[in-house]
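Structure, as structure tokens:
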Amino acid sequence: MTTTTEQTSAERLFHRFLRHVLSDPAESIDTNLWATDVVIEVPFAPGGMRRIEGRDRFLALAEEGRRALPVRLEEVRDVVVHRSVDPDVVIGEYELAGTLTATGQPASARFISVLTAGNGQIVHWREYQDTLAMLAVLGSQPA
């Protein structure tokens with residue numbers, strides 16, 4: 001059995017994404033991270049946000065969402081990356097933690113993302129969010 005600690009391209013892209021999550025929302029999103037024809041899927045998201053096709057559309061929505069987010073993201077924790085049999089695919093588990101900007105209250109939510117890499121960019125991203133935790137933190141649902 002051969003064991004390697006060298007990261008695949010998909011793993012490097014996933015970690016690059018996580019570093020960017022904590023960047024200042026006023027900064028532009030790392031456009032080179034995403035392929036021109038990227039597909040973003042969030043199966044449990046409300047309404048029209050379940051599937052986004054194309055980098056330009058995704059970046060416009062993501063930039064708007066980052067600026068409007070009432071949470072200052074401060075930490076990515078409990079990161080676990082699972083390799084798949086396809087070296088271009090990884091599954092990442094992580095928790096985003098931060099502070100509600102209006103109240104100073106701590107907040108966190110867990111995520112699982114399935115990333116597919118191609119030509120050094122993310123070509124497909126499927127994200128599963130702890131939607132109830134997010135709604136509770138944002139005051140839209142009881143915890």
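The values are calculated or read from the model by the stated rules, or taken from the named source; none is laboratory data. Keep in mind the model is a prediction, meaning the values are calculated, not measured. Cβ: placed from backbone, ideal geometry, glycine included. Neighbour counts: every protein chain shown.
Listed residues 99, 116; which is outside any helix (DSSP H, G or I), modelled with pLDDT of 90 or more and more than 16 Å from residue 54 (Cα to Cα)?
99
In the range 1-24, which residue that is within 17 Å of residue 66 (Cβ to Cβ) and within 14 Å of the chain's Cα centre (by Cα) is modelled with the lowest pLDDT? Steps first, answer last, please.
The first filter runs over the range 1-24 and keeps only residues within 17 Å of residue 66 (Cβ to Cβ), leaving 16-24.
Restricting the remaining residues to those that are within 14 Å of the chain's Cα centre (by Cα) gives 16-23.
Details: 16: 93, 17: 94, 18: 93, 19: 90, 20: 88, 21: 86, 22: 86, 23: 81.
This residue is 23.
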